[in-house]
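The values are calculated or read from the model by the stated rules, or taken from the named source; none is laboratory data. Quantities reported herein were computed from a predicted structural model and do not represent experimental measurements. Here Cβ is always computed from backbone atoms with ideal geometry, including for glycine, and neighbour counts include all displayed protein chains. Please note that ligands, DNA and RNA were not included when accessible areas were found on the heavy atoms of the full protein model with its side chains. Shrake-Rupley method; radii C 1.70, N 1.55, O 1.52, S 1.80 Å.
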Amino acid sequence: MQPIQNVLPPIVDENTRILVVGSMPGKQSLDKQQYYGNARNHFWPIIGELFQVEIPDNYEERIALLRSNKIGLWDSIASCERKGSLDATIKNETPNDFAKLFEQYPQVQLVLFNGSKSLDVFKKHVGLQVLENRAYKKMPSTSPIPGKNIKSFNEKVAMWQMMKAYM
């Protein structure tokens, strides 16, 4: 197992209403220093479908698209040990400081956990009490890696649609 440091800072500002929380970026995302940097990940195509826009190739423009829709990004894990990019192999995780983040950005109203691992780590290390007065929901993972309970792309889009109520 290799120790891995999450180098991606939170994408959050004073306008963020929705925070999408992943677990730990995969190797491609860490190498590119981009959230959802694996071209096969469904996150960006889902965003394109939800807002009926073409997703720009440029990462800064992608982040601007999220910001314009009051969406932020972060991960539940600051560091861990992991073999490859699989969530299932994550061990010895250290969480990010969500108490501090929510203190700094109290306007966040909805937290969407991108897959089971992000929620499991959050509950174990941070605790759901930090989400007081905020809605939260576990969403189907946008990961391209096959696993149990996999939803089709259209099913994922339909489920992720619920974020629009918080914009």
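One table, with the values for the structure above:
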quantity	calculated
Accessible solvent surface per residue of the chain, calculated while the other protein chains remain in place, 1.4 angstrom probe, Å²	53
In Å, descending, principal axis extents of the Cα set of the stretch 76-167	35, 34, 16
Rel. contact order, % - alpha carbon contacts under 8 angstrom, at least six apart, the stretch 26-167	24
For the stretch 140-145, 3J(HN,Hα) per residue [Karplus equation, 6.51 cos²θ - 1.76 cosθ + 1.60, θ = phi - 60°, Hz, x = Gly/Pro]	x, 4, 8, 4, x, 7
Förster radius 30 Å - calculated FRET efficiency between Ala99 and Gln5 (Cβ-Cβ, nearest 0.05)	0.90
Charge context of Ile55, other residues only, Cβ under 12 angstrom, K/R +1, D/E -1	-3
Radius 12 Å from Cβ of Phe43, net charge of other residues (Lys, Arg +1; Asp, Glu -1)	+2
For the stretch 29-37, 3J(HN,Hα) per residue [Karplus equation, 6.51 cos²θ - 1.76 cosθ + 1.60, θ = phi - 60°, Hz, x = Gly/Pro]	5, 5, 4, 7, 6, 9, 5, 6, x
Kirkwood-type radius of the chain, with distances r between different C-alpha atoms, in Å	16.0
Residue-averaged [θ]222 nm for the chain, counting only DSSP H segments that reach four residues, each worth -39500 (n - 2.57)	-7000 deg cm²/dmol
³J(HN,Hα), Karplus 6.51/-1.76/1.60, whole Hz, each residue of the stretch 119-133, x for Gly, Pro	5, 4, 5, 4, 4, 5, 9, 9, x, 5, 4, 5, 8, 3, 6
Amide H contacts under 5 Å for Ser141, placed H, 5+ residues apart	Gly115, Ser116
Protein accessible area in the stretch 1-98, 1.4 Å probe - carbon and sulfur %	46
Counted charge near Val157, where neighbours are those whose Cβ lies closer than 10 Å (Asp, Glu -1; Lys, Arg +1)	0
Viscosity 0.890 mPa s, temperature 25 °C, Stokes-Einstein D of the stretch 45-110 from Kirkwood C-alpha radius, µm²/s	169
Simple label model, 7 Å out from Cα along Cβ direction - Ala88 to Lys27, nm	1.7
Net length gained if the chain between Val130 and Ala158 were fully extended (0.36 nm per residue, minus Cα distance)	7.3 nm
